[in-house]
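Here is the structure we will look at.
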Amino acid sequence: MTKLTGIAASDGIAIAKAFLVEEPDLSFEISKSNDSQQEKERLAKAIADSKVEIEKIKAVASKSLSEEEAQVFDAHLMVLEDPELQQAYTQKIDDDALNAESAVRQTADFYIEIFKGMEDNPYMQERAADIKDVTDRLIAHLLGIKIPDLSTIDEEVVVVAYDLTPSDTAQLNRQFVKGFATDIGGRTSHSAIMSRSLEIAAVVGTGNISKEINDGDMVIVDGLNGDVIVNPDDETIAAYEKIAADFLARKAEWEKLKDAETLTKDGKKFEIAANIGTPKDLEGVHSNGAEAIGLYRTEFLYMDSDEMPTEDEQFESYKVVLEGMNGRPVVVRTMDIGGDKHLPYLQLPEEMNPFLGYRAIRIGLKQPELLRVQLRALLRASVYGTLRIMFPMISNVAEFRAAKAIYEEEKAKLEAEGVEVADNIQVGIMIEIPAAAVLADQFAKEVDFFSIGTNDLIQYTMAADRMNEHVSYLYQPFNPSVLRLIKNVIDASHKEGKWTGMCGEVAGEPMAAPLLVGMGLDEFSMSASSVLKIRSLISKLDSKEMADLANKVVTEATTSDEAEAFIKDAVPELADL
Ligand code: PEP
Ligand code: MG
């Protein structure tokens, strides 16, 4: 039994076999064989096994992907069964006396080179990628190496990996994937955020779980405390089954507040909204009783596609979300690409510090055609619900003015074309950069609302990369400097009659709720899975006592630990969560 400690990324306990995601090493020496018949039989078996696998992936993918995306697998089947390629393999086995894997590798390399070289024919260039994919699978079978495929998981597992990209995470089927554990990442890395929307237990930043574990080992992921236990003994399993049962009992208690308003003990009302990444997340929004959507991360729409989604495709997604909320507010954030989020079809420069680089609104203003398409799609969808638009990563007032001007231009154009646009759209900004938090009083005169993105606000205030586990100790939501910035933003908005929400992960952090209630935060937006827990906690708080606590923490605390100690002291209910 081995225990590793990482960062608790998503609540819950998972106990299951490990599904280890490893980049397979398919290197080998080209070698000969003097039994060509045997090599041809090995090849035929590898082709048959690969076919079964690709068909299985296709069946799973066609349930969750669009028809067009699932067609990739038809192309793979065609490559696998291509008679010309098959003849080339057998010729190399017969004429050059190569073993099967060497024959496949040499043939594949030859065709891949040719196709890749067809620079004026992108279709054929894509075929090079298909050949590589399919022949890698064939070679893996010949070498007896397993290629992990997350979308085909069909038994209960815990996924273990060095890291999971947001698109890996999007493939996880929560029916079978009970949890995941990774070597790197922090509480606010995007795979961690997605694990919370999938409502599966997750621990990230364990250092080396993927090296400590073998595929199929029994593993416990304790997403409540950030522990991962490999090959637990029976006693430990029993103990964790009890923790899991207690957690489920607490959840059942919170469940009772699903249709309730969010009110403090003394009757002060707050709004609890949910963060979503795709229209599919609406289900969790409703099942967890969120009152609105406080952050729709639209970049996942872009990341799920092989090319820039068109205005109509975007319009459809926004319409589904707005209609799905039945008039409740939906805050849509314009595309936040860059940092750890990449698009294969949008060339971004190689950067030393991507989180400080060409990202979010900076791309939107430099390549305004991208922003214009998105804004048009949003404006057209606005009549289907209550739309609020916000721009990410605003660092200065001029940026907001430039983005707002583009918005106004697109709105005027649509109206001139006779397209109906809602007349109650609010336009706000995310507060993620300390420069904007400090200057909130000036921004408040021009924006309709603020939404504080603590994931970035903390990384920029503390100068600590949110993806880097070596500096994750500096992810300090309770550092008094961060708390003062938050209070400054809320106060500045209220002075101008505007409202402030928070959509960074701190909004769903139980220990932060007392302070945010005390500071008068108007809207809390979080992973849907945290909504009921926070609503339950708020119902036990007194808003005036919390205002006193917030003032004390902001004026007297010198360190993050001290701030946390003040809060724990004032709110004993936190111990029960
Ligand atoms: C944030 O920075 O807090 C935020 C909500 O945006 P993201 O996590 O997508 O960067
Ligand atoms: Mg952010």
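Between Ala422 and Glu369, the FRET efficiency from the beta-carbon distance, with R0 = 30 Å, is close to 0.80. Using the Cβ-Cβ distance between Asn173 and Thr555 with R0 set to 51 Å, the FRET efficiency from 1/(1 + (r/R0)^6) comes to roughly 0.55. Placing a pseudo-label 7 Å from each Cα along the Cα-to-Cβ vector at Arg401 and Glu156 gives an inter-label distance of 6.0 nm. Shape of segment 182-300 from its Cα gyration tensor (a ≥ b ≥ c, root eigenvalues): rounded if a/c is under 1.5, otherwise prolate when a/b > b/c, or oblate? Taking the square roots of the gyration eigenvalues as a ≥ b ≥ c, segment 182-300 is oblate.
Size descriptors for the chain, from the alpha-carbon set: Rg then Dmax equal 26.1, 86 Å. Take the alpha carbon gyration tensor of segment 36-143, find the square roots of its eigenvalues, order them as a ≥ b ≥ c, and report rounded if a/c is under 1.5; if not, report prolate when a/b exceeds b/c, else oblate. Taking the square roots of the gyration eigenvalues as a ≥ b ≥ c, segment 36-143 is oblate. When the square roots of the Cα gyration tensor eigenvalues are ordered a ≥ b ≥ c, the ratio a/c for segment 256-576 is 1.5 or more and a/b exceeds b/c, which makes its shape prolate. Note on Ala44 and Asp94: their simple-model spin labels are 1.4 nm apart, each label 7 Å out from Cα toward Cβ. Sequentially through segment 258-272, phi angles give Karplus couplings (6.51, -1.76, 1.60; θ = phi - 60°) of 4, 9, 8, 6, 9, 10, 6, 4, 8, x, 7, 9, 10, 10, 10 Hz, Gly and Pro residues having no value and appearing as x. Taking a spot 7 Å from the Cα of Lys146 along the direction of its beta carbon, which residues of segment 213-244 have an amide N less than 16 Å from it? It comes to 213-219, 231, nothing else.
On a 0 to 90° scale, report how tilted helix 67-80 is relative to the longest principal axis of the chain, with both axes built from alpha carbons and the result rounded to the nearest 10. The angle comes out at about 20 degrees. Taking only protein heavy atoms and a 1.4 Å probe, the accessible area of the chain is 50% carbon and sulfur.
Need the full-extension length gain, Asp74 to Phe28, defined as separation in residues times 0.36 nm minus the C-alpha distance. One decimal, nm. List each step's numbers first, then the result.
On the way: separation 46, 0.36 × 46 = 16.56 nm, distance 2.86 nm.
Length gained between Asp74 and Phe28: 13.7 nm.
Among residues other than Thr262 with Cβ under 9 Å from its Cβ, the summed charge is -1 (Lys and Arg +1, Asp and Glu -1). For segment 110-152, pairs of C-alpha atoms spaced more than 16 angstrom apart make up 46 percent of the total.
Solvent exposure of the chain, expressed per residue, is 43 Å² of accessible area, with all protein chains present and a 1.4 angstrom probe.
The values are calculated or read from the model by the stated rules, or taken from the named source; none is laboratory data. Bear in mind the structure is a predicted one, so any value in this text is a computation, not a measurement. For neighbour counting, all protein chains shown are included, and Cβ atoms are generated from backbone atoms with ideal geometry for every residue, glycine included. Surface accessibility is based on the protein's heavy atoms, side chains included, excluding ligands, DNA and RNA. Shrake-Rupley method; radii C 1.70, N 1.55, O 1.52, S 1.80 Å.
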